[in-house]
Each structure stands twice: as C-alpha cells, then as structure tokens.
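The values are calculated or read from the model by the stated rules, or taken from the named source; none is laboratory data. For clarity, every value in this text was computed on a predicted model and none was experimentally measured. As a convention, Cβ positions derive from the backbone with ideal geometry for all residues, glycine included, and neighbour counts pool all protein chains shown. Surface accessibility is based on the protein's heavy atoms, side chains included, excluding ligands, DNA and RNA. Shrake-Rupley method; radii C 1.70, N 1.55, O 1.52, S 1.80 Å.
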Amino acid sequence: MIIGGGPAGLTCALYTSREGYDTALVEKSALGGQVGVTERLDNYPGFPEGISGNDLADRIARQVEKFGVEFIKATEIASISDMGHCLVAKTTTGEEIDAKAMVIATGSEYKMLEVPGERKLLGYKIHFCSTCDGPFYKGKEVMVIGGGNSAFEESVFLARFASKVTIVGRSDEWKASAVLKQKISEIPNIKLVKTKLLKNS
Ligand SMILES: Cc1cc2nc3c(=O)[nH]c(=O)nc-3n(C[C@H](O)[C@H](O)[C@H](O)COP(=O)(O)OP(=O)(O)OC[C@H]3O[C@@H](n4cnc5c(N)ncnc54)[C@H](O)[C@@H]3O)c2cc1C
C-alpha cells in the first residue's frame, strides 16, 4: 500500500503494480499532490511546450490505473500499527486497511503566510521554488519573502532571470549564512527590505 498520491506515490505505484504486486494507493485529497496545484511545468522531460500540473497529474494517474492500482481517494491515514504478520493503517474515520508493506510518500507542505489571497494565487503568482518557476519571471520584478538561507538561495537563482529581486524579511537580523549574505551583496539586482508588516504563520 502506498500512502500519498503525489508524483512520488504515483510513480511508486506504477513500479509496484507493473511488477505484479497488488497495490492500493491512499490519497487524502486530490491525486497529483503539489503538482496538481501547479499552474504550469516546463521542466518535465518529454513536454517541450510545457504542461499544466493538472494535466500531468491526470496523465500519471491514468498510466498508473492501467496497471490495476486501486485508488482509495479522500482518505487520510492517521496511524500505522505493526501486527507482526502485516501492517494496519487506520484512517481518520476509523477504518482499517492492512498490507504486507507500506510506502509513505506524503510529501511536504510549504509554510504559508496565511494572508488573504495567498492560496488563490498559489502556483500562479505565488511560488515556492525558483528552480521550478523562476524562468517564468524573466525580465520581471519579483519579491521573495523570508530572511533565511532558503530565501537567499532562491533569490540568487531568481536574480539570473528577474530584472529585480526584493527580499523582504521581518527579523532585526537576516538569518541567512554569512557566505550567502556576502553573495547577495555582490548581486546588483537584489535589494533587501525589512518590515514588521508580514503576518506570522
Ligand atoms: C506551486 C508549486 C509549483 C511547483 N512547480 C514545480 C515545477 O514547475 N517543477 C517541478 O519539478 N516541481 C515543482 N514543484 C514541486 C513539486 O510539485 C514537488 O516536488 C512534488 O509534488 C513532490 O512530490 P511528492 O509526491 O513527494 O509530494 P506531494 O506532491 O506533496 O504529494 C504528497 C501527497 O500525499 C498526500 N498525503 C499527505 N498526508 C497524507 C495522509 N496522511 N494520508 C493520505 N494522503 C496523504 C497529500 O495530500 C499529497 O497529495 C512545485 C510545487 C508547488 C507547491
């Protein structure tokens, strides 16, 4: 059994089912995981014109289904117990599903600011990965929120495409490493701004 229907879980299901293992895949929301909420991917091999996240998720799901994987949708696993001869996963509604082996592919969640409009713009105007989405902002002005290593690293990458990158942080001190601070100070199109206005998540 595979827990999580993002790209990792779906790919895992493709391999196990194709090898002849009876495979069930449990997903708490929509198949596709984070890819499903991505407006457009242009770094997925085999799609020279790019592909919408939704389409890609749908294609992978159909490919997986072809090998007989059982999709258990809208089901969230809350706990797993080892019964010796098998593992038993309990859902949030109390049902039990047993399997000889389980793969946990539950992904990760990005920390949101929880400000109005944020979720609506996710994957369209708000992003979490400059390697994934930075090239869409060629010649444009971009704001990066955060003052740690991730924000600084993403900004260094973004500065290659964007005309201007403004890093906005709320702490008195920038938390990024000294090496990254030095690097940022040498990139002319990156500007640092401090504000107390960012809402806590
Ligand atoms: C806005 C955005 C844009 C992106 N753009 C790109 C891009 O252009 N190119 C690129 O390569 N990558 C991109 N990424 C990153 C990419 O989407 C992730 O790297 C990828 O989705 C990770 O796959 P995953 O299967 O490991 O996890 P996830 O996609 O997070 O999937 C995990 C799944 O597990 C499910 N789950 C979690 N807990 C449970 C539970 N207890 N029970 C049942 N199900 C559970 C979740 O609902 C989810 O569907 C983007 C991500 C975001 C958010």
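Note that the chain presents 64 Å² accessible area per residue, ligands and nucleic acids not counted, probe 1.4 Å. Between 1, 110, 180, whose Cα lies farthest towards the positive end of the dipole of the chain when Lys and Arg beta carbons carry +1 and Asp and Glu beta carbons carry -1, centred on the Cα centre? Of the options given, the answer is 180. Under 5 Å between amide hydrogens, built in the peptide plane, is the criterion, and for residue 191 it picks out 165, 166, 167 among residues at least 5 positions away or on other chains.
Computed over Cα pairs, the Kirkwood radius of the chain leads via Stokes-Einstein (1.567 mPa s, 4 °C) to a diffusion coefficient of 67 µm² per second.
Students often get this wrong, so check it: of 111/164; 66/125; 66/120; 28/196; 140/191, which have C-alpha atoms separated by over 26 Å? Where the Cα-Cα span goes over 26 Å, the pairs concerned are 66/125; 66/120; 28/196.
Rounded to the nearest 10 degrees, the inclination of helix 149-158 to the longest alpha-carbon principal axis of the chain is 80 degrees. For the stretch 69-126, GluC sites (Glu not before Pro) are listed when DSSP marks them as loop and at most 12 other Cβ atoms sit within 10 Å of their Cβ; the list is 95, 109, 114.
Using alpha carbons only, the radius of gyration of the stretch 118-194 set against its Kirkwood radius gives Rg/Rh = 0.95. Length gained on full extension, residue 44 to residue 63, computed as 0.36 nm times the residue gap minus the Cα-Cα distance: 5.2 nm.
Within the listed set 13, 99, 151, the Gaussian network model of the chain (springs between alpha-carbon atoms below 10 Å) gives the highest mean-square fluctuation for 99.
Normalised by the number of residues in the stretch 2-104, the average gap of Cα pairs under 8 Å and 6 or more apart makes the relative contact order 28 percent. Roughly what % antiparallel, to the nearest 5, for the DSSP beta bridges in the chain? Of those bridges, close to 35 percent are antiparallel. Based on C-alpha pairs under 8 angstrom that are at least 6 apart in sequence, the chain has a relative contact order of 17 percent.
Rounded to the nearest 10 degrees, the inclination of helix 7-18 to the longest alpha-carbon principal axis of the chain is 30 degrees.
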